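Asker: Here it is: the structure, laid out below.
Computed from the coordinates by the stated procedures, all read-outs in this text should not be read as laboratory data. Just so we're clear, the structure is a prediction, and the values are computed from it rather than from any experiment. Cβ: placed from backbone, ideal geometry, glycine included. Neighbour counts: every protein chain shown.
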Amino acid sequence: MSAINKKPGRFFYLEWIFLNAITVVMAWYVAWTLISLVVNVFGDTIQVGGQSRITEDFLFMYVLFPIIGLLTGTIQFILLGRYLPRMAGWIAATFLGWLMPFVIGFIITRLFVPGNSTVWIVLGMLVLGTTIALPQWWMLRKRVLHAWWWVLVFGLGWGMVGLLNLVTSEPFPVLLGIAVVPAIATSIACWLLLDRLPNHELSSRTSSR
């Protein structure tokens, strides 16, 4: 296990929020650009399982989530690499995390028929955030103590996005929620793991080995 070398300053957290939020917005527009190219080639509708689907609606999340994973993973790797050792796998972990909701969603839709109730929407967003954070937690657990805070805070952040989605379904406010709320949540997780929570035990384990 490796100890934290130094604590970040206040500017780190503002930088974290801004870069993560702007990256999600960039991913949104990149995804729409790619889908527009697909629509130009294959048309406004595609056949999926013998049914006609609107190309944009069907493909959007399948394109958006991997792009968010790749871009945010890169930004977070650059920022966290200043304070945590051996973080090269963070990009792959984040990319994998943003693919996991497809697997979890497939399982849930096959086992349950939750409907569109408020509770199920918020619960679904909590599960979404938790599954995204799990591969990242797997890396953090060997580098900081109390790494489970990352999963908890990230999941709660996405739960708040679910609450926002109940207020409005307009694309722009939802995009802002997806961009800003998880960015703030993970900045809080960084503050806890890199600054506030003690890592003396982790340091002593490292020195003893």
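Asker: With viscosity set to 0.890 mPa s at 25 °C, what whole-number translational diffusion coefficient in µm²/s follows for region 10-198 from Stokes-Einstein and a Kirkwood radius over Cα pairs?
Answerer: Translational diffusion coefficient: 141 µm²/s.
Asker: Sort V167, V181 so that the residue with the fewest other Cβ atoms within 10 Å of its own Cβ comes first and the one with the most comes last.
Answerer: On the way: V167 10, V181 21.
The most exposed by this proxy come first: V167, V181.
Asker: In percent, what relative contact order does region 10-198 have, based on Cα pairs under 8 Å that are 6 or more apart in sequence?
Answerer: On the way: 223 pairs, mean separation 43.5, N = 189.
Across region 10-198, relative contact order equals 23 percent.
Asker: What order do you get for 90-102, 13-25 when each peptide is scored by the mean count of other beta carbon atoms within 10 Å, highest first? Walk me through the numbers on the way to the answer.
Answerer: Numbers: 90-102: 19.6, 13-25: 18.0.
My ranking of the peptides, most packed first, is 90-102, 13-25.
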